[in-house]
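The structure under discussion appears below in the form of structure tokens.
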Amino acid sequence: RPRVLSGIQPTADSFHLGNYLGALRQWVTLQETHDAFYCVVDLHAITVPTEAAALRRRTRVAAAQLFAAGLDPERSTVFVQSHVREHTELAWVLNCLTGMGEAARMTQFKDKSAKFGESAASVGLFTYPILQAADILLYQANSVPVGADQKQHLELTRDLAQRFNHRYGDTFTLPAPHILKEVEKITDLQEPTAKMSKSSSSPAGILDVLEQPGPLRKKVMRAVTDTGSEVVFDEANKPGISNLLRIHSALTGTSIAELVARFDGQGYGTFKKEVAEAVVETFTPIRERTEKLLSDETELDRLLAIGAGRARDVAQRTMVQVRDRVGFLPTS
Ligand code: TYM
């Protein structure tokens, strides 16, 4: 079975529609055909200032949402990144293979550090993509399901894998991004040319998985739409309606062409109501299952411990090879 790995940050109290459509839903599908590893990347979360209590809470909420969205602990290895020490160890080795200029080209660092001012941003934020490369390479993943914003990090990962293999001998599998064009970038409801984002969208621009039906409906109804009144797919002139069409289509399995034909002459209101219902219908069962999972932390932590054990087995095997190839002396 080919192997798949992906990760998600516990940086908010809920995942949002972009995370769900761009990544999570593919994670669930891929567990049927792949040997699947999915991690909550708490080490990545501390690259920006984070309170300990919030991190602890959000890591559990994130894990609960993963199971609630359909990851099966029997089929998928779901774990917390910091539980497997090999991630930081391999990240160090890869740090030493990465050029300063190469790291400085990462656009996500530029975007995120702009908020603090580049010199106030942490070194951890700067080397963030190298830790991500370690996450992927440790598991010898063939495929990495992500949204479009992760493309550049995946390219760096491949470059680092190739460099290591070239310098030290064949060790790492070259991973390919698994990106679904139709949902690779879900945009902000209030700013439909920007991606929906935990860190930069306003609350009105984001649809949270754990949000109640009332606010979800209100946000969809108030989503910025474009001039005119026709429901047509036109990315350049109608980014708001195009985004809602993409969302409707992804959630209901109806093609965009079919939706455009169906809503011909009906105006935005009727269309938005249907989008809202599709979102509510998708999120409500996930929210309810998440709440249930969070009501038994002992059980949730037990599932994560099982995941960590399975992840560690694979990660340790890779690191034995890496240590040897790099020239570190064996410990005994
Ligand atoms: P994160 O936590 O920001 O987002 C998790 C996943 O959601 C996708 N995504 C979106 N997809 C479509 N439209 C959007 N508006 C949208 N917003 C987010 C992201 O592309 C991502 O797939 N660096 C990663 C986490 C990570 C990782 C890894 C991923 C750490 N190690 C190893 C893959 C493999 C991140 O910040 O994702």
- Item | Percent of C-alpha pairs per 10 Å bin, the range 60-177, short to long | 12, 39, 36, 13, 1
- The summed charge of the Glu51 Cβ neighbourhood (under 15 Å; Lys/Arg +1, Asp/Glu -1) stands at +2
- Query: Tell me, what is a quarter of the convex hull surface for the C-alpha atoms of the range 1-46, in nm² with one decimal?
  - Reply: 3.3
- Could I get the Rg over Rh figure for the range 4-76? Both from C-alpha atoms, Rh via Kirkwood, rounded to two places. 0.98
- DSSP H helices in the chain with Cα extent of 18 Å or more along the helix axis and mean Kyte-Doolittle hydropathy at least -1.0? 52-68, 123-138, 239-252, 267-294, 297-326
- Item | Rg to Rh, two decimals, where the range 278-332 supplies the alpha carbon set and Rh follows Kirkwood | 1.34
- Of Arg302, Arg60, Arg85, ordered by accessible area with the largest first and a 1.4 Å probe, the sequence is Arg85, Arg302, Arg60
- Message: For Cα pairs less than 8 Å apart in space and 6+ apart in sequence, what is the mean separation divided by the residue count of the range 233-332, i.e. the relative contact order in percent?
- Response: 15
- In whole Å, how far is the Cα centre of the range 55-97 from that of the range 108-122? 24
- Taking the alpha-carbon centroid of each part, what is the distance from the range 246-320 to the range 126-143 in angstrom? 24
- Note on the structure: Counting only protein heavy atoms and leaving out ligands, DNA and RNA, the solvent-accessible surface of Thr173 at a 1.4 Å probe, in Å² to the nearest 10, equals 50
- Would you kindly give the portion of the calculated P(r) for the range 165-306 that falls above 25 Å, as a percent of all Cα pairs? 41
- In Å, what is the Rg of the alpha-carbon atoms in the range 160-201, and how long is Dmax? 17.6, 50
- Among the lysines in the range 217-332, how many pairs, 8 or more places apart or on different chains, have alpha carbons under 17 Å apart? 5
- Item | Distance-filtered residues of the range 72-89 - backbone nitrogen under 16 Å, label point 7 angstrom along Arg323 Cα→Cβ | 84-89
- Would you mind telling me the antiparallel percentage of the DSSP bridges in the chain, rounded to 5? 15
- In sequence order, calculated HN-Hα J values of the range 183-197 (Karplus, 6.51, -1.76, 1.60; Hz; x Gly/Pro): 10, 5, 9, 7, 9, 5, 5, 9, 9, x, 9, 9, 6, 5, 9
- Task: Could you pull the Rg and Dmax for the chain, using just the Cα atoms, both in Å?
- Result: 20.7, 76
- Message: Leaving out ligands, DNA and RNA, and with a 1.4 Å probe, what % of the accessible surface on the range 76-150 is carbon or sulfur?
- Response: 57
- Report the relative contact order of the range 101-197, percent, no decimals, based on alpha-carbon pairs under 8 angstrom and at least 6 residues apart. 25
- Task: Excluding Arg75 itself, calculate the net charge of residues whose Cβ lies under 10 Å from the Cβ of Arg75, where each Lys or Arg counts +1 and each Asp or Glu counts -1.
- Result: -4
- Going through the range 52-134, which GluC sites (Glu not before Pro) have at most 16 other Cβ atoms within 10 Å and a DSSP loop state? Glu74, Glu118
- Would you mind computing Rg(Cα) / (2.2 N^0.38 Å) for the range 56-110, counting N as its residues? 1.58
- Task: Provide, in order from the shortest bin, the percent of all Cα-Cα pairs of the range 1-147 in each 10 Å bin, continuing until the bin that contains the maximum pair distance.
- Result: 11, 39, 38, 12, 1
- Item | Principal axis box of the range 252-303, alpha-carbon based, largest edge first, Å | 54, 19, 9
- Rough spin-label spacing in nm, given labels placed 7 Å along Cα→Cβ, for Ser255 and Ser199: 3.9
- Task: Pairs of Cα atoms under 8 Å, at least six residues apart: use those to get the relative contact order of the range 41-153, whole percent.
- Result: 33
- Item | Environment charge of Glu182, counting only residues whose C-beta is closer than 15 Å and scoring Lys/Arg +1, Asp/Glu -1 | +2
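The values are calculated or read from the model by the stated rules, or taken from the named source; none is laboratory data. All of these numbers come straight from a predicted model, not from anything done at the bench. Note that we place each Cβ from the backbone using ideal geometry, even for glycine, and neighbour counts take in every protein chain shown. Each accessible area value is taken on the protein alone, full model and side chains, heavy atoms only, with ligands, DNA and RNA left out. Shrake-Rupley method; radii C 1.70, N 1.55, O 1.52, S 1.80 Å.
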